[in-house]
Structure formats: C-alpha cells, structure tokens
Amino acid sequence: MKYISKLLALFAIVMMATACEDKINEVNYPLEVTTPSVSSVSGSSAIVTLTATGSHVTYRGVCYATSPTPSVNDEKVYGSSKEMILTVGGLKKSTTYYVRGFVQTSYDVVYSDEVSFTTTASESVEDDPQTEGPSALKRVSVHDPSVVFDQATGIYYIFGSHRAAAKSMNMMSWEAFTAPWATATGNNAANADAFTTPQVTKVKKDGTEYDFNFNAFAWSARGSENYNVDGNMWAPDVIYNKKMGKYCMYLSINGDFWYSSIIMLTADNIAGPYRYQAPVVISGFRSGDSYKSTDLEIVLGSQTALPSRYAPSDNYGNHWPNAIDPCVFYDEEGKLWMSYGSWSGGIFMLELDEETGLRDYDVTYETSTTSDPYFGKKIAGGSYVSGEASYIEFIGGYYFLFMTYGGLEAAGGYQMRVFRSLSPDGPYVDSKGSSAIYNSYQLNFGPTANDGNRGVNILGAYSKWGNLLTGGAEAASGERAQGHNSIIAAPDGRTYLVYHTRFQEWGEGHQVRVHQVYQNEEGWLVAAPFEYTGEGVKSAGIAAAQKVATADIPGNYKLLTHKYGLNHESKEYAVPVDITLNADGTISGDATGTWTVKTGTSYVTINLGKEFKGVMIPQTLEPTEVKTPCFTALDSSTGVTVWGYKQTAE
C-alpha cells in the first residue's frame with residue numbers, strides 16, 4: 001500500500017507539473033478596457049463606443065447608473081466583439097448618467113475609467129401617425145434596386161438593371177419610369193450610342209493632365225462577337241454630388257470575360273436625361289496591349305508591357321474583380337467612396353474625387369493580397385467565392401456592408417448577408433467576428449456550404465407567413481432568392497431595406513419589397529417581419545419607448561427561423577411554427593424558452609436555447625388593417641435571425 005501511495009503521489013506531482021507547464025506555455029492577455037466615448041445623446045438614449053480585450057473573456061460591455069461608479073450589478077449592455085458601439089436606451093430625460101466599460105472572466109472583472117453624460121430635455125422620437133396602409137401598396141419590378149431620396153422633390157427613387165426604375169412618395173406606391181440617355185446630339189439616345197463618347201476626356205494625377213477617351217461600348221464588345229449592350233446595363237447607383245451640383249449615376253457596362261467598366265453619367269434632374277462622362281474603373285485587361293485602351297498607365301505610369309500580376313497563370317477571375325455592381329456613398333467625414341465587384345476576385349473599394357465624381361488618381365494603393373495599385377482595396381469576397389451587390393450605409397455608428405451570396409435565379413440560393421465596420425473601407429466582419437474577405441475558395445451558400453456561415457442572415461426564403469405568403473400559386477406565394485438590395489437611413493427617421501425578390505411559384509418573375517430595419521442593443525440590424533405599410537415607428541424610438549406594452553405581448557405567435565443552408569435546388573424555404581409567449585416570461589409550444597423586454601425601450605430578448613436580441617414593434621397584417629405585436633431578433637453567436645408575430649382573431 002505504501003508503494004502504491006508513493007506511486008500515486010508521484011503521479012499527482014507529475015500531473016501538477018504538466019498543468020503548470022501548460023499554463024506557462026499558454027499566452028494569457030490581460031483584461032483591458034478603454035475609457036468609453038459617448039455620442040448621439042438624446043432624451044432617452046446614447047451611443048457608447050469602447051474596446052475591451054483579454055483572454056478567457058465571458059462578458060464585455062458597459063454598465064451605467066445615475067450615481068457614480070456603476071458596476072456589473074447595475075444596468076448594463078453587453079457587446080459581442082472587442083470593438084463595441086452600443087446603444088444605451090430607456091434613459092430618463094434631463095438626467096446625468098455615469099458609465100464604465102467592463103470586461104469580465106469567470107474569476108475577475110476589470111472596469112474602465114468613468115465618464116458621464118446628461119440626457120436632453122426633449123427629443124423628436126414620437127411615432128408618425130399612420131395615414132396610409134396596405135391598400136397603398138403598388139408593386140413594381142426593378143431588378144437590383146438602388147434607392148435614393150431626392151431632397152429637392154421629397155420623392156424616393158429606385159434604379160435597377162436594364163434601365164428599370166421607379167419612384168414613390170411613401171415607399172409603398174411605386175410608379176415605373178425610364179431615365180433617358182443624353183449625347184451631344186440629343187436627349188433620347190439609343191443604348192448602343194449612349195456610352196461611346198465621354199464628355200470628360202482629360203483627367204489629372206499629381207497636377208499633370210492626361211488625355212483619356214474611353215469607349216465603354218467598344219470595350220465590353222471585346223468579349224463577344226455579337227455583343228448587345230441592351231441586356232448588359234447592370235445595377236446603377238445614383239447619388240447627388242454636392243460639389244458638382246449634379247445627379248451622378250454609376251452604371252456597369254458589362255461584357256463577357258470581365259471586359260466590363262463602371263462609368264459615371266450625370267444629369268441636372270434625378271429622372272434624367274443622363275450623359276456619359278467618363279469611366280471610374282475598368283476590368284478585363286489580361287493579355288496583349290488591351291491595357292493601352294484603359295487608364296492603367298495613368299494610375300501606374302508608363303508600362304512596356306502588361307504587368308504580370310494582371311495576367312495570372314490560372315484564372316484572371318480568381319484574383320481580380322469584375323467592374324460591375326457599384327455602390328457610391330459619402331462617409332461621415334464627407335469623403336466619397338465606391339465599392340464594386342461581383343464573384344471573381346472579390347469586392348474592392350476606391351476613393352473618388354468629390355470635385356469630379358470620378359476616381360481620385362492622387363490616392364495610391366499598396367500591392368498585397370488584399371490591395372492592388374489599380375483596383376484598390378479588397379473589402380470582401382475573393383477566390384471566386386460567390387458574392388455580389390455590395391451596398392454600404394452608415395447606420396447608428398457603423399458602416400454596414402450588405403452582400404448577396406449565391407445565384408440570382410429562383411433556385412440559385414440568392415441571399416443577403418450583413419457585415420459591419422467602424423471605417424468605410426473596413427475591415428468588415430459579421431456578428432461572429434468572421435471577415436468578409438475569403439483567402440481561398442469556399443462554398444458560402446446552400447446545404448453543403450463550408451465557410452462557417454459568414455455574414456449575418458438577415459432574412460432568407462420563406463412562405464406560409466401572415467395573410468399573403470400562403471404557400472400557394474397565387475400572388476406573392478412565398479419569397480425566395482431575395483437580394484441585390486440597397487438600404488437607406490432616410491430623412492423621415494426610418495431605415496428602409498429595399499430588395500428584389502422572386503417567388504415560390506412564379507418562375508423568374510420578381511418584384512421589389514421594402515422592410516423597415518432597426519438596430520438591436522448590440523447595434524446589429526434586424527429587419528421587420530412584414531413589409532413596410534406605413535407604420536409610424538422611427539428608428540430612434542426603439543431605444544426611447546416601449547412600442548408594445550408588456551401586457552399586450554403574451555399570446556399565441558408564429559415563429560419563423562431564417563436558418564442557413566436551405567436547399568435552393570429543391571426550392572426549400574423556412575416555414576413558421578406555433579409558440580406561446582406566456583405572461584410569466586416563458587415560451588412554450590413547438591419551441592421553448594423565455595422572453596423579456598427592456599423597460600422603457602422596445603428591445604426584446606428571445607431565448608430559445610440561443611439568445612436572440614431584437615425589437616418588439618407593432619406591424620400591420622396586410623392586406624388587412626389589423627395591427628399586431630411582432631418581433632425580429634438576431635443570435636449574434638450564430639448569425640441566425642428569427643421573426644415572430646402574434647396571431648389575432650381577425
């Protein structure tokens with residue numbers, strides 16, 4: 001026994017030594033949290049920005065109270081990533097609050113220095129009266145809709161591929177129109193004549209003027225013996241350039257084998273006519289002296305031959321972008337940017353010149369795996385991973401990047417994914433912290449996807465939802481292949497997601513849909529479960545007031561989970577299940593868990609084994625005028641979104 005006891009003691013000592021050695025070899029980073037900065041203070045909310053890092057972190061966020069030295073035992077808002085922009089809501093007007101950041105492990109908590117702020121005495125976050133409802137809906141078909149608000153007329157416009165366009169005063173009743181093309185000889189030019197002769201034929205770099213006369217039609221025709229531009233005018237984006245005093249349309253002139261260009265056209269009126277000014281970026285120069293027809297030498301300097309990096313030994317599209325799908329936007333500092341690209345080498349970003357609306361030739365880009373002197377900085381995709389239709393909008397402290405993965409057909413797996421960044425040119429990450437950039441090929445949509453489900457799944461194919469999407473062959477029988485969206489933080493205080501969708505039983509027919517979008521407590525976007533039909537809830541009102549009284553929440557609900565990996569080839573779609581939100585805060589039925597609302601706000605947490613953070617709002621059950629409580633929420637640990645609506649007697 002003594003011998004055995006000695007062996008056991010020796011074994012214990014060895015194990016302890018091994019454990020100690022493991023701890024020595026393990027890198028443990030100290031817990032650190034920066035002093036918060038507070039912005040956008042209103043009468044009921046504020047935005048708090050901070051960074052919290054360290055090893056073995058279980059929680060991070062901000063705690064706040066009306067007395068100094070708040071702790072994790074006081075009110076708090078959790079963050080899901082190291083860099084956090086958090087909305088603190090449900091605050092009282094004209095009240096001083098004290099805030100500290102915190103980072104926590106299972107055995108320790110570290111606080112930042114304290115800051116304080118005082119809420120304002122009043123704010124305009126009250127709901128607008130709903131003067132119209134579902135009866136105002138007027139459908140339109142615009143593929144790849146890009147939304148813009150015309151300040152001069154108060155009208156919303158959407159521009160799409162193949163010259164489709166529409167306008168609306170209320171984001172519900174859409175009227176189709178066609179913007180004409182202008183040339184030197186007229187204001188109603190044919191497509192084949194509109195992109196041959198630029199109005200701008202000289203550009204500047206470092207103070208030196210260069211001649212540059214680019215025939216966009218001829219360039220794209222290089223890729224096809226019988227080229228027809230009529231079906232190759234893709235995905236325009238329109239903005240008003242403040243310094244130019246012009247409406248600028250950025251349009252893809254597509255050609256086979258990457259012979260594409262994004263050109264800028266301008267107009268004095270948002271509805272046109274638009275006249276071709278010059279190209280912004282060109283793709284497809286991969287052999288011979290084709291680059292001589294582009295602005296490559298203006299950017300790089302004189303070349304004796306095509307640089308080898310643009311003539312890769314494998315596939316041009318594995319490395320470099322196709323110059324289509326532009327998104328042009330001003331950042332919060334007033335700088336003008338353009339993201340672009342589709343599949344192929346990924347999504348790239350260029351800085352534009354605010355004075356001309358064209359490429360800023362004085363901005364240079366390094367040569368690396370995520371940057372190119374000509375094409376700019378890569379912000380997403382790559383290695384022929386699916387992904388197109390980049391769209392960037394600044395909302396609530398973040399630049400949000402929307403991408404659409406998969407093929408655009410009804411059975412192609414088209415689906416919107418969301419990333420965000422603190423800077424306009426990235427890095428962009430999803431709610432799990434995964435990068436929008438791919439370093440090698442991975443399948444990122446469908447049932448056999450192997451990319452870890454990158455990008456927040458804001459919504460996907462679904463049916464049997466509400467009163468309209470009933471699953472049958474009648475009108476709007478179930479949405480699928482939604483995507484190529486735009487989004488606008490509109491001047492009316494709402495944020496609108498605008499996308500085209502195909503349907504379960506309509507073949508390749510498509511229509512535009514508009515949903516309001518809100519930010520949850522973690523700052524991520526969640527889309528309202530039903531399309532916009534004039535509801536009056538404003539974005540700022542979510543953190544300021546409880547839009548659905550707690551007593552009105554309990555009841556029988558339909559729950560829809562927007563999961564990843566739907567089988568698009570068989571046209572699989574999500575269908576709702578029945579649950580009950582009980583008055584005691586539990587959830588029963590086909591899914592079980594708990595629910596809570598944050599007092600004084602519209603923030604809701606739905607716990608179904610995973611914690612979904614979102615908002616609870618009233619929406620209209622179209623085509624009726626009946627209002628019912630609805631929720632939309634995101635599990636940031638997986639990127640999965642859930643929707644719910646309370647069933648009514650009507």
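The values are calculated or read from the model by the stated rules, or taken from the named source; none is laboratory data. Here the structure is a predicted model, which means the values were calculated and not measured. No Cβ is skipped: glycine too gets one built from the backbone with ideal geometry, and neighbour counts run over all protein chains shown. Note: areas computed on protein heavy atoms with side chains; ligands, DNA, RNA excluded. Shrake-Rupley method; radii C 1.70, N 1.55, O 1.52, S 1.80 Å.
Accessible area of the chain with a 1.4 Å probe: how many percent of it is carbon plus sulfur? Write down the numbers at each step before the final one.
Numbers: 12820 of 25840 Å².
Carbon plus sulfur share of accessible area: 50 percent.
Please quote Rg/Rh for the chain to two decimal places, taking the Kirkwood radius as Rh and restricting both calculations to Cα atoms.
Expressed as Rg/Rh, it is 1.01.
Pop the C-beta distance of THR153 and THR624 into the FRET formula with R0 = 25 Å and round what comes out to the nearest 0.05.
Values: r = 32 Å, r/R0 = 1.28.
It comes out at approximately 0.20.
How large is the dipole of the chain about the Cα centre if only Lys and Arg carry +1 and Asp and Glu carry -1, each at its Cβ, rounded to the nearest 20 debye? Please list the in-between numbers first.
Details: 47 positive and 69 negative charges, 168 e Å.
Using only the charged Cβ atoms, the result is roughly 800 debye.
What Kirkwood hydrodynamic radius, in Å, does region 359-455 give when the mean of 1/r is taken over all pairs of distinct Cα atoms and then inverted?
On the way: mean 1/r = 0.0699 Å⁻¹.
After inverting the pairwise mean of 1/r, the radius is 14.3 Å.
Against the 2.2 N^0.38 Å scaling, with N counting residues, where does region 513-650 land? I'd like the Cα-based Rg ratio to two decimal places. Write out the running numbers ahead of the final one.
Working: Rg = 14.3 Å, N = 138, 2.2 N^0.38 = 14.3 Å.
Taking the Cα Rg and dividing by 2.2 N^0.38 Å, one obtains 1.00.
If R₀ is 41 angstrom, what is the calculated FRET efficiency for the pair SER39 and ASP578, using the beta carbon separation as r and rounding to 0.05?
Details: r = 42 Å, r/R0 = 1.04.
Between SER39 and ASP578 the formula returns 0.45.
For region 572-644, what is the per residue volume of the convex hull drawn over the alpha-carbon atoms, in cubic angstrom? Walk me through the intermediate numbers first.
On the way: hull volume 8.3 nm³, N = 73.
Hull volume normalised by residue count: 114 Å³.
Suppose a student asked you for the relative contact order of the chain, using Cα pairs under 8 Å spaced at least 6 residues apart; what percent would you report? All intermediate terms of the calculation are to be shown ahead of the outcome.
On the way: 1769 pairs, mean separation 67.3, N = 650.
RCO, the chain: 10 percent.
Give a quick list of GluC sites (Glu not before Pro) in region 293-334 that DSSP marks as loop, anything other than H, G, I, E or B, with at most 11 other Cβ atoms within 10 Å. Intermediate results must be reported in sequence, preceding the final value.
Numbers: sites: GLU297, GLU332, GLU333; in loops: GLU332, GLU333.
Those satisfying the criteria are GLU332, GLU333.
Can you give me the distance in nm between label points at THR196 and HIS56, each placed 7 Å from the Cα along the Cα-to-Cβ direction?
Placing both labels 7 Å beyond Cα along the Cβ direction yields 7.3 nm.
Quote the charge dipole size of region 176-292 about the Cα centre in Debye, to the nearest 20; the model charges only the Cβ of Lys and Arg (+1) and of Asp and Glu (-1).
Numbers: 10 positive and 10 negative charges, 83 e Å.
About 400 debye.
Set the Förster radius R0 to 45 Å, insert the Cβ-Cβ distance between GLU355 and ASN556 as r into 1/(1 + (r/R0)^6), and round the FRET efficiency to 0.05.
Calculated value: 0.15.
Amide H of HIS143 versus every other amide H placed in the peptide plane: which residues, excluding those fewer than 5 positions away on the same chain, fall under 5 Å?
Correct list: SER161.
7 Å from Cα along Cα→Cβ at both ALA121 and PHE257: what's the point-to-point distance in nm?
7.1 nm
What is the angle, in °, between the Cα long axis of helix 2-25 and the longest principal axis of the Cα atoms in the chain? Nearest 10 is fine, range 0 to 90.
Between helix and principal axis, roughly 40 degrees.
Would you calculate, for the chain, the mean residue ellipticity at 222 nm contributed by helices, counting each DSSP H stretch of 4 or more residues as -39,500 (n - 2.57) and dividing by all residues, to the nearest 500? Can you show the working numbers first?
Values: 5 runs with 43 residues, N = 650.
Value at 222 nm, helices only: -2000 deg cm²/dmol.
Using the charge dipole of the chain (Lys, Arg: +1 at Cβ; Asp, Glu: -1 at Cβ; taken about the Cα centre), state which of ILE458, GLY245, ASN232 has its Cα farthest towards the positive end.
Selected residue: ILE458.
Compute the orientation-averaged projected area for region 88-137 from the convex hull of its Cα atoms and round it to one decimal in nm².
Working: hull surface 28.4 nm².
Hull-based average projected area comes out at 7.1 nm².
Considering the convex hull of the alpha carbon atoms of region 491-534, report its projected area averaged over all viewing directions, in nm², one decimal.
Details: hull surface 16.7 nm².
Dividing the Cα hull surface by four gives the mean projection, 4.2 nm².
Above 25 Å lies some portion of the pair distances; for region 43-189, what is it as a whole percent of all C-alpha pairs?
Details: 6130 of 10731 pairs.
When every Cα pair of region 43-189 is considered, 57 percent fall beyond 25 Å.
Quick check on region 187-318: what are the equivalent-ellipsoid semi-axes from the Cα gyration tensor, as sqrt(5λ), descending, whole Å?
After scaling each eigenvalue by five and taking roots: 26, 19, 12 Å.
Any chance you could list P(r) for region 115-174, counting all Cα-Cα pairs in 5 angstrom bins from zero, rounded to whole %?
In whole percents, the pair-distance histogram is 4, 14, 17, 16, 15, 9, 7, 7, 6, 4, 1.
How many Å² of accessible area per residue for the chain, probe 1.4 Å?
Values: 25840 Å² over 650 residues.
Solvent-accessible surface per residue comes out at 40 Å².
Enumerate the whole-percent occupancy of each 10 Å bin, from 0 to the last occupied one, for all C-alpha pair distances of region 452-539.
16, 46, 31, 8
When each pair of different Cα atoms in region 165-221 is counted once in the 1/r mean, what is the Kirkwood radius in angstroms, to one decimal? Before the final figure, lay out each step's value.
Numbers: mean 1/r = 0.0697 Å⁻¹.
Taking every pair of different Cα atoms in region 165-221, averaging 1/r and inverting gives 14.3 Å.
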